[in-house]
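These notes are about the structure you will find just below.
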Amino acid sequence: MFLRQSVLGLLVVLSALTVTFVLVRFSGDPTSIILPQEATEEQREVLRQQLGLNESLPAQYLTYLGNAAVGNFGRSYFDSEAVTSIVIRHLPNTLVLAGASLALACLFAIPLGVLAAVWRDGVIDRFVQVVAVTGASMPSFWVGLLLIQIFAVGLNLFPTYGTGSPAHLILPAITLAIYVFPSLARLTRSSMLEVLPQSYVMAARAKGMPEARVIGRTVLRNGMVPVLALLALEIGNLIGGAVLTETVFAWEGIGRLAITSIQRRDFPVVQGVVAYVAVGFVFVTMAAEIAIRLVNPKLRHK
C-alpha cells in the first residue's frame, strides 16, 4: 500500500511541476517586466542568458527537474533570494490560516452533520442543508469582502487586512471555513445516515448502550471514514481558496505570494510554490489514508 501511494504521489508531484513549467513559460517574457521599457534587445538577451531562458525548453525542463530533485528551486528574478527561503518565510502563515479554517469548519460542520442525520428532516437538518447550500453558492472572495464591510469597516471589530496579530486571522479563517463547511457538513450527514440503520448499531442499542455512546462510539467512528478522506482533499481546496482569501485580506501567505509572482513572471518562485504545495498535498493524502485504516480495521490489509 505504502509503495503504491508513494509512486502515485511522485506522479502527482511530477505532473504538477511539468504543468507549471509549461504554463509559466507561455505567460510571457519576464525581461519585459524586470528591465525598463527603454532597454535594448541586446540587454534583454544578456538577461535571458543570465537567467537561463535562452536555452531550449527541453534543456530548461531537464535542468529544472534535476535541481528540484535536490530541493534547489533557484532564486527570485527580482531580489536574487533563494526560492526555498521565500516559500518557507510565507508558508507558516498559510498553514496557520488553513489549520484555523479547517478546525473552525470541523467544529461546526461535523457536530451539525451528525445532529442533522440523527434528527433527519427536523429543524436542525433543514438548517444545515440551507446553510450548506448558501455557503456553497457564495464565492470565497465575495464572502471575504462582505465580512470586511460588516465587521471591519462597519463595526470596527477586526483589522481590515494584514498579518500583524491574532485578530488579523479571524476574518480570513471564517471566510475559508465557510468555503469548507458545505461539503463537510453534507458528507457527514450522508455518511451518518448510511451507518445509523446498520445491524451493529441496532445491536448496540438493544444491549442498552446509552444513545450518546452509540452515536459517539459506534456511528461516528464508522461514519468518519469518508469524512477523513474528504478532509485530505479539502487541504487542496483550502490552498486554492487561500489564493483569493489571502489576496483579499493581504495575508502574507504562499497564496498571495503565488499571485504576486505570477503577475511579476517570477518563474522560479511560482514553480517553487507549486512544488511545495504538491508535496504537502501528497503527504497529507498519505496521512489521511493511514488514519482511515486506523479508524476502520477492515481496511488495514487491503
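Within the range 123-133, the presence of at least one residue that is within 30 Å of Ala278 (Cα to Cα) and not in a strand (DSSP E or B) is confirmed. Answer yes or no as to whether Gly135 is surrounded by 12 or more Cβ atoms within 10 Å (Cβ to Cβ), within 17 Å of Ala105 (Cβ to Cβ) and modelled with pLDDT under 85. It is true that Gly135 is surrounded by 12 or more Cβ atoms within 10 Å (Cβ to Cβ), within 17 Å of Ala105 (Cβ to Cβ) and modelled with pLDDT under 85. Looking across the range 261-284, just one residue is open to solvent by 20 Å² or more (accessible area, probe 1.4 Å) and not in a helix (DSSP H, G or I), and that is Arg265.
Among the residues making up the range 59-85, those that are in contact with a Phe, Trp or Tyr (Cβ under 9 Å, 6 or more places away or on another chain) and not hydroxyl-bearing (Ser, Thr, Tyr) are Gln60, Leu65, Asn67, Phe73, Gly74, Ala82, Val83. None of Leu62, Leu107 is touching a helix residue (DSSP H, G or I) at 6+ places or on another chain (Cβ under 9 Å), part of a helix (DSSP H, G or I), modelled with pLDDT of 90 or more and open to solvent by 80 Å² or more (accessible area, probe 1.4 Å) except Leu107.
From the list Ala287, Ala258, Ala232, the lone residue that is surrounded by 21 or more Cβ atoms within 10 Å (Cβ to Cβ) and without any contact (Cβ under 8 Å) to a residue 60 or more places away in the chain is Ala258. Against the criterion of being open to solvent by less than 70 Å² (accessible area, probe 1.4 Å) and part of a loop (DSSP other than H, G, I, E, B), Pro159 qualifies.
Glu246 meets all of the listed conditions (1) modelled with pLDDT of 80 or more; (2) farther than 20 Å from Leu91 by Cβ but one, namely (2). Checked against (1) hydrophobic (A, V, I, L, M, F, W, C); (2) in a helix (DSSP H, G or I); (3) open to solvent by 50 Å² or more (accessible area, probe 1.4 Å), Leu169 passes all but condition (3). Evaluate the range 73-86: report whether one residue or more is closer than 19 Å to Gly241 by Cβ and hydrophobic (A, V, I, L, M, F, W, C). Scanning the range 73-86 turns up no residue that is closer than 19 Å to Gly241 by Cβ and hydrophobic (A, V, I, L, M, F, W, C).
What number of residues within the range 235-255 satisfy the criterion of being assigned to a helix (DSSP H, G or I) and open to solvent by 20 Å² or more (accessible area, probe 1.4 Å)? Of the residues in that region, 9 qualify. Selection of the range 1-32 for residues being under 19 Å from the mean Cα position of the chain (by Cα), modelled with pLDDT of 85 or more and open to solvent by less than 30 Å² (accessible area, probe 1.4 Å) yields Val13, Ala16, Leu17, Thr20.
Looking across Ala177, Ala203, Ala212, one residue alone is among the small types (Gly, Ala, Ser) and touching a residue at least 60 places away in the same chain (Cβ under 8 Å). It is Ala177.
Scanning the range 190-242 for residues that are modelled with pLDDT under 75, among the polar types (S, T, N, Q) and farther than 27 Å from Tyr179 by Cβ yields Thr218, Asn222. Checked against (1) in contact with a strand residue (DSSP E or B) (Cβ under 7 Å, 6 or more places away or on another chain); (2) free of Cβ contacts under 8 Å to residues at least 12 places away in the same chain, Glu45 passes all but a single condition, namely (1).
Taking the listed residues Glu42, Glu38, the one that is more than 30 Å from Met192 (Cα to Cα), more than 31 Å from the chain's Cα centre (by Cα), surrounded by fewer than 13 Cβ atoms within 10 Å (Cβ to Cβ) and at pLDDT below 85 is Glu38, with no other qualifying. With the structure loaded, tell me whether Phe141 is surrounded by 13 or more Cβ atoms within 10 Å (Cβ to Cβ), assigned to a helix (DSSP H, G or I) and at pLDDT below 85 or whether it fails that test. So Phe141 fits the description; yes. Out of everything in the range 172-214 that is part of a loop (DSSP other than H, G, I, E, B) and of a type in the set (A, V, I, L, M), what residue ends up being most open to solvent (accessible area, probe 1.4 Å)? Step by step, filter the range 172-214, then rank; the result is Met209.
The values are calculated or read from the model by the stated rules, or taken from the named source; none is laboratory data. Source: prediction; values computed, not measured. Ideal geometry is used to build each Cβ from the backbone, glycine not excepted, and the neighbour counts take in all protein chains shown. Note: areas computed on protein heavy atoms with side chains; ligands, DNA, RNA excluded. Shrake-Rupley method; radii C 1.70, N 1.55, O 1.52, S 1.80 Å.
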